[in-house]
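What follows is a set of notes on a single structure, which appears directly below.
The values are calculated or read from the model by the stated rules, or taken from the named source; none is laboratory data. Note that the structure is a prediction, hence the values are computed from the model and not measured. Virtual Cβ from ideal backbone geometry, glycine too; neighbours counted across all protein chains shown.
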Amino acid sequence: MNKDQLCSTDDELTTDDEFEYIETEQLGDTSQISQLQNGLGDNTKESNYQLDESAEFFEKYADKYLEFTDNNPTTFHVIDYFRTILEEHGFRYIAEDTPIGDEISKQVNEGGLFYTVRSNLSIVGFVIGGEWDATRGIGVIGSHVDSLSIKLKPISKHKRINGYNMLGVAGYSSTLTDLCLDRDFGIGGTILVRKADGTITRKLVKSSPHPIAKIPKLAEHFGEVADKKYNQETQMVPIVGFGENKEEPSETEKASPLYEKHPLELLRYISKISETPLDQIVELELELFDVQNATRGGLSREFIFAPRIDDRLCSFSAIYSLIEFGKTFNENFKEYDGFNAVLLVDNEEIGSGTRTGAKGKFLNAVLDRVISIRGKKSSDANLVFANSVILSADVTHALNPNFKQAYLKDHFPVPNKGLTIKIDPNGHVMTDTIGLALLGDVARKENQQLQTFHIRNDGRSGSTIGPALACDTGARVIDVGLPQLSMHSIRAMCGFKEVGLGVNIFKSFFKHWRNSYNEIDY
């Protein structure tokens with residue numbers, strides 16, 4: 001979630017900081033809100049499959065998410081994980097930068113499971129039927145995979161201070177705050193390696209579970225200087241070591257393209273954990289991340305305590321919902337007339353304006369290729385989007401009971417209950433009344449609960465990828481989110497059921513959205 005800061009004039013809100021992490025989505029018609037919070041009535045249409053809502057189901061997905069979080073600290077790792085599990089479940093890879101061969105074209109025409117990746121930072125997975133045509137539209141769940149982090153500067157070598165080895169870093173989306181103080185940071189990301197034949201390939205690296213850096217807080221005993229806001233450039237510099245480097249650089253190390261750009265100790269460390277000779281490492285894109293493991297918490301283990309929930313949570317649930325949905329066909333897609341996809345993009349936290357972000361038109365590019373394979377006109381993309389629905393899924397703010405006065409009465413989600421639907425009349429999110437009716441009908445058909453969020457009138461709304469997708473596609477967008485606490489903190493929390501609840505409601509969306517949309521004069 002990309003937030004806009006605000007200043008509240010309400011006397012009940014004691015500080016700006018208390019309010020700046022309150023998400024700012026708004027819902028309109030209160031009768032619709034009441035219906036949504038009450039589960040949208042009885043189940044009026046019988047499903048041909050039963051959603052798994054057993055305790056084992058929620059436990060399984062919570063455990064999967066914990067393991068995923070610990071093993072995939074950076075966006076590069078996350079996308080690599082998602083493409084791996086898609087492959088394991090029968091999704092066929094379509095390279096974005098090469099012509100599509102006859103075999104893949106035949107498979108797309110007959111229907112099946114497919115995915116494509118852009119720059120190892122964004123991914124689209126989709127299920128398409130052999131009977132699909134443009135008037136059937138496409139059902140999409142979009143989310144972002146980037147999370148707040150601390151990036152290594154292009155030249156991270158920093159002047160030693162009385163023996164301390166420091167590391168030059170830059171905050172990604174205002175990350176360098178007091179929340180970063182005294183955390184145990186590991187390092188990871190991707191490096192570019194030149195092979196013996198001269199070609200350059202990518203390799204993932206991570207130091208976890210071992211921390212290599214810390215930004216220490218100045219002890220309170222120093223008085224006023226310790227209480228002031230820290231300068232991000234001069235007082236938020238990570239410490240990565242102490243003492244002079246006694247081992248002189250070798251001639252091979254001096255020949256490295258990165259020599260003198262980064263601390264030699266760091267380069268040696270990256271070379272070691274990546275099992276790559278230093279002189280073969282051409283470039284690196286690394287970041288610091290909290291190495292403390294994700295875990296269950298609460299007296300009854302009803303919570304997840306974890307880093308990077310925003311927004312690995314919705315992304316994880318979306319991918320697994322697509323996998324679960326794909327399983328229902330038993331590899332028989334020829335007679336299916338639908339087209340459903342998951343779009344996971346980068347850079348939401350900095351505005352989405354990159355080729356791997358929501359404004360990069362990745363979804364448009366995938367659709368254009370499918371239309372071309374199907375032998376349709378390029379203008380049919382407009383017809384597809386005119387008949388499409390996109391769920392923009394980004395985490396939202398659960399009620400913080402210590403600051404209940406910051407929330408609008410009766411318009412906030414709580415953990416372990418259900419997906420939250422968000423509306424803002426000022427256009428920061430895209431849900432309209434038709435979107436409310438459609439998603440409400442989807443939830444009712446599977447007897448699932450939806451929650452709502454509406455900001456107080458003295459608040460200002462943050463935004464997410466919904467507006468970008470609506471503008472770039474013309475499709476109807478519904479903004480939703482799984483609730484969490486402590487958004488944009490180094491460690492946050494959510495209900496342990498959120499992962500499974502997301503899988504179930506997103507799977508229900510894939511199954512029912514088209515029929516529900518047909519029942520509305522949109």
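Quick look at the numbers
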{"read-out": "Criterion: assigned to a helix (DSSP H, G or I), within 22 Å of Glu331 (Cα to Cα) and at pLDDT 95 or above - qualifying residue of Val108, Val78", "value": "Val108"}
{"read-out": "Residue match in segment 199-215 (condition: free of Cβ contacts under 8 Å to residues at least 40 places away in the same chain and in contact with a Pro (Cβ under 9 Å, 6 or more places away or on another chain))", "value": "yes"}
{"read-out": "Answer residue from segment 311-342, given it is at pLDDT 95 or above, under 22 Å from His488 (Cα atoms) and not hydroxyl-bearing (Ser, Thr, Tyr) and is surrounded by the most Cβ atoms within 10 Å (Cβ to Cβ) among those", "value": "Cys314"}
{"read-out": "Some residue of segment 102-111 being free of Cβ contacts under 8 Å to residues at least 40 places away in the same chain, closer than 27 Å to Glu349 by Cβ and surrounded by fewer than 23 Cβ atoms within 10 Å (Cβ to Cβ)", "value": "no"}
{"read-out": "Test: residue in segment 311-320 that is farther than 16 Å from Gly189 by Cβ, polar (S, T, N, Q) and assigned to a loop (DSSP other than H, G, I, E, B)", "value": "no"}
{"read-out": "Selection count where residues are assigned to a loop (DSSP other than H, G, I, E, B) and surrounded by fewer than 18 Cβ atoms within 10 Å (Cβ to Cβ), scope segment 262-288", "value": "3"}
{"read-out": "Qualifying residue in segment 136-145 (condition: at positive phi, assigned by TED's automatic domain parsing to the domain that holds Pro263 and either assigned to a loop (DSSP other than H, G, I, E, B) or touching a helix residue (DSSP H, G or I) at 6+ places or on another chain (Cβ under 6 Å) (or both))", "value": "no"}
{"read-out": "Selection status of Thr452, in contact with a Leu (Cβ under 8 Å, 6 or more places away or on another chain), buried (at least 20 other Cβ atoms within 10 Å of the Cβ) and either over 19 Å from Asp311 (Cβ atoms) or touching a residue at least 40 places away in the same chain (Cβ under 8 Å) (or both)", "value": "yes"}
{"read-out": "Matching entry among Thr234, Thr201 (being assigned to a strand (DSSP E or B), surrounded by fewer than 12 Cβ atoms within 10 Å (Cβ to Cβ) and among the polar types (S, T, N, Q))", "value": "Thr201"}
{"read-out": "Near pairs, Cβ below 9 angstrom, 6+ apart or cross-chain, from segment 484-495 (at pLDDT 95 or above) to any residue that is surrounded by fewer than 18 Cβ atoms within 10 Å (Cβ to Cβ) and among the acidic types (Asp, Glu)", "value": "Gly495/Glu302"}
{"read-out": "Complete set of residues in segment 324-360 that are assigned to a helix (DSSP H, G or I) and farther than 23 Å from Asp310 by Cα", "value": "Phe325, Gly326, Lys327"}
{"read-out": "Residue count, segment 401-425 (criterion: surrounded by 12 or more Cβ atoms within 10 Å (Cβ to Cβ) and either polar (S, T, N, Q) or not in a loop (DSSP other than H, G, I, E, B) (or both))", "value": "8"}
{"read-out": "Qualifying residue in segment 243-254 (condition: hydroxyl-bearing (Ser, Thr, Tyr) and either assigned by TED's automatic domain parsing to the domain that holds Ile187 or not in a strand (DSSP E or B) (or both))", "value": "yes"}
{"read-out": "Tally of residues being within 22 Å of Phe76 (Cα to Cα) and touching a Lys or Arg at 6+ places or on another chain (Cβ under 8 Å) across segment 245-280", "value": "6"}
{"read-out": "Qualifying residue in segment 380-400 (condition: surrounded by fewer than 16 Cβ atoms within 10 Å (Cβ to Cβ) and without any contact (Cβ under 8 Å) to a residue 60 or more places away in the chain)", "value": "no"}
{"read-out": "Lone unmet requirement of (1) within 31 Å of the chain's Cα centre (by Cα); (2) farther than 24 Å from Ser119 by Cα; (3) free of Cβ contacts under 8 Å to residues at least 12 places away in the same chain; (4) in a helix (DSSP H, G or I) for Ser300", "value": "(4)"}
{"read-out": "Among the residues listed as Asp458, Asp472, Asp479, the single one being over 28 Å from Cys180 (Cα atoms), under 17 Å from the mean Cα position of the chain (by Cα) and in contact (Cβ under 8 Å) with a residue 24 or more places away in the chain", "value": "Asp479"}
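Here is a yes/no grid of residues against (1) in a helix (DSSP H, G or I); (2) in contact with a strand residue (DSSP E or B) (Cβ under 8 Å, 6 or more places away or on another chain):
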residue	(1), (2)
Asn447	no, no
Thr452	no, yes
Ile455	no, no
Leu469	yes, yes
Val477	no, yes
Ser489	no, no
Lys507	yes, no
